[in-house]
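Please treat every number below as a calculation from the coordinates, not as lab data. All figures in this text were calculated on a predicted structure; none of them were measured in a lab. As a convention, Cβ positions derive from the backbone with ideal geometry for all residues, glycine included, and neighbour counts pool all protein chains shown.
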Amino acid sequence: MKHNKSPFYMKYLVVLVLVVIAFTALGCLSCNGGQEMEISLAPIHDVQVNVAESYPPQVFVYIKGGLPDSCTTLHGYEVKSGGDTIDIAVYNQRPKGTICAQMYSYFEENVDLGSDFVSGQTYTINVNDRTVTFVMQ
């Protein structure tokens with residue numbers, strides 16, 4: 001059986017592997033050791049909308065955000081949509097009261113928004129303090 005992998009899929013897979021390696025290099029993926037965690041909105045540096053060439057077209061949002069110190073990791077995100085507006089809240093986490101190396105780094109995340117979009121309609125995507133719009137083709 002032959003599997004055809006789209007270039008977008010392969011790029012997504014490579015990014016995912018690099019993110020896991022980066023978190024592992026920082027020590028561990030969830031190293032709070034029972035400590036209370038501070039959860040806060042992540043600083044966002046870049047937001048891009050990508051539409052996969054599939055039927056129906058799948059919409060993905062590429063997000064590049066910041067990790068302000070060596071103890072901070074990506075906590076996750078929440079997606080809320082209504083009409084032509086999609087809000088994505090992206091959160092970081094860090095152990096409360098921990099002294100950390102002031103080493104700024106980045107995370108990259110691809111959020112799958114699915115295929116429930118109307119051709120020709122303009123959509124607004126808010127990711128924390130960043131806003132982008134796109135017209136569904």
Binning every alpha carbon pair distance of the range 51-137 at 5 Å from zero, what are the percents per bin?
-> 3, 12, 22, 20, 14, 11, 8, 5, 3, 1, 0
Going by average Cβ neighbours within 10 Å, how do the peptides 66-74, 106-114 rank, with the highest at the top?
-> 66-74, 106-114
Quick one: which residues, 5+ away or cross-chain, put their amide H under 5 Å from the amide H of LEU113? H built at 1.01 Å from N.
-> VAL59, PHE60, VAL61
